[in-house]
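J.: One structure coming up, written as structure tokens, with questions to follow.
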Amino acid sequence: MSFALDATLSRRAALAGLASFGALALAGCTTTGTPPVVSGPRPLTPPDVLAMYGPLPDEEFPVPAAPIHLLDPVYWRQEVANPTGEEPGCVVVDTANRFLYWTLPEGRAMRYGVGIGRAGFEWNGRAHIAYKRKWPTWTPPADMIARQPELEIYRHGQPPGLDNALGARALYIHQGNRDTLYRLHGNMDIHSIGKAVSSGCVRLLFQDVIDLYDRVPHGAPILVI
């Protein structure tokens, strides 16, 4: 029994490391630079937060627990008073503060910590969620392949999985009938949350993007400010 448990935990750790490396090396949505070193003691993580970011073994690709103790608590998923001024049923990305809000009735909102586009890759405006996908295939845009030739192997798509650049879920942003090429998607690199690191996409931890995916319907409006 102990051996089986140890093997399971080792496999999860290996998968987490592989996925983190994949998220750093790939991405439409790529991270640059060295992850910050967390200094100083952090408060103990409450049990309900640990459960919220715990493993998801029933997913098509079982998701390991997020090392949530490494993340500033301000970026933990939480319900807050709605500061956006938007009606219920809207996604709002506050790029300055690295938050994404899903607006709820009665002046409330669900808030998620996010990573956003680095300088030169930002996008803002009003659009809508045209569609969404579980465990999507990621196809890098041609201009990204030109910048990063190592992505040529994914010109026709990177298969779904923990190391896929879009992660466990993706929500696709369109303006009218035009695909903006920007996405809300999953990422296992906890150091990217709260940072401007991607090639324009908005990234959430796997547990958060799965929660968001289940709340947001096709056609929902999105405002990026």
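J.: Compute the length gained on full extension between R155 and L50: take 0.36 nm times their separation in residues and subtract their Cα-Cα distance, giving the result in nm to one decimal.
T.: 34.1 nm
J.: In nm, to one decimal, how far is the H128 label point from the R215 one, both placed 7 Å along Cα→Cβ?
T.: Label-label distance for H128 and R215, simple model: 2.1 nm.
J.: If you rank V80, V92 by fewest surrounding Cβ atoms within 10 Å, what's the result?
T.: If I rank by nearby Cβ atoms, fewest first, I get V80, V92.
J.: In nm, what is the difference between 0.36 nm times the number of residues separating T137 and D179 and their Cα-Cα distance?
T.: The T137-D179 span can extend by a further 13.5 nm.
J.: For the residues L50, L223, L166, what sequence is obtained by ranking on other C-beta atoms within 10 Å, fewest first?
T.: L50, L223, L166
J.: Another question about this same structure. How long is the gain from E87 to L104 if the chain were fully straight, where each residue apart is worth 0.36 nm and the alpha carbon distance is subtracted?
T.: Numbers: separation 17, 0.36 × 17 = 6.12 nm, distance 0.79 nm.
Separation in residues times 0.36 nm, less the Cα-Cα distance, equals 5.3 nm.
Bear in mind these aren't lab numbers, they're just calculated from the coordinates by the rules spelled out. What you see is a predicted model; the values in this text were computed from it and never measured. We place every Cβ from the backbone using ideal geometry, glycine too, and count neighbours over all the protein chains shown.
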